[in-house]
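Student: For reference, the structure I am asking about is given below.
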Amino acid sequence: MYAVRAACQYSVRPGFRETWPTCRPGLSNIEKTLAAADPADAADFRANAARYGKELQDLDAYAHSKLDPVPIDRRKVLTSHDAL
């Protein structure tokens, strides 16, 4: 599970972890790569990726439910990341 989570949290591509739609391909690629490397545990990798994908999808829906009602001109970004 750690490898699947790590790929969505850390990436050399900026923005990879920002939204569920941008993280989904990475999650799928990791699950397939792990399954190919260890076919005996492929079902576990698939189940873990599906479970974590559901968590990300639910979190994305929650964030949209809270943020979408805020008018764009009233939105602010608060970050500690130097790049932003």
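The values are calculated or read from the model by the stated rules, or taken from the named source; none is laboratory data. In this text, all values refer to a predicted model and were calculated from it rather than measured experimentally. Note that we place each Cβ from the backbone using ideal geometry, even for glycine, and neighbour counts take in every protein chain shown. The protein model used for the area step is the full one, side chains on, heavy atoms only, and it has no ligands, DNA or RNA in it. Shrake-Rupley method; radii C 1.70, N 1.55, O 1.52, S 1.80 Å.
Student: Anything in the range 19-29 that is in contact (Cβ under 8 Å) with a residue 40 or more places away in the chain and surrounded by 16 or more Cβ atoms within 10 Å (Cβ to Cβ)? List them, or say none.
Tutor: Trp20
Student: Give the residue that is nearest to Thr19 (Cα to Cα), with candidates limited to residues of the range 57-70 that are open to solvent by less than 100 Å² (accessible area, probe 1.4 Å) and assigned to a helix (DSSP H, G or I).
Tutor: Filtering first and then ranking leaves Asp60.
Student: I'm trying to understand the selection: among the residues of the range 30-51, which are open to solvent by 70 Å² or more (accessible area, probe 1.4 Å) and without any contact (Cβ under 8 Å) to a residue 12 or more places away in the chain?
Tutor: Lys32, Thr33, Ala36, Ala37, Pro39, Ala40, Asp44, Arg51
Student: For Asp73, are the conditions met, namely being at pLDDT below 95, in a helix (DSSP H, G or I) and open to solvent by 60 Å² or more (accessible area, probe 1.4 Å)?
Tutor: Yes; evaluated as a whole, the condition is true for this residue.
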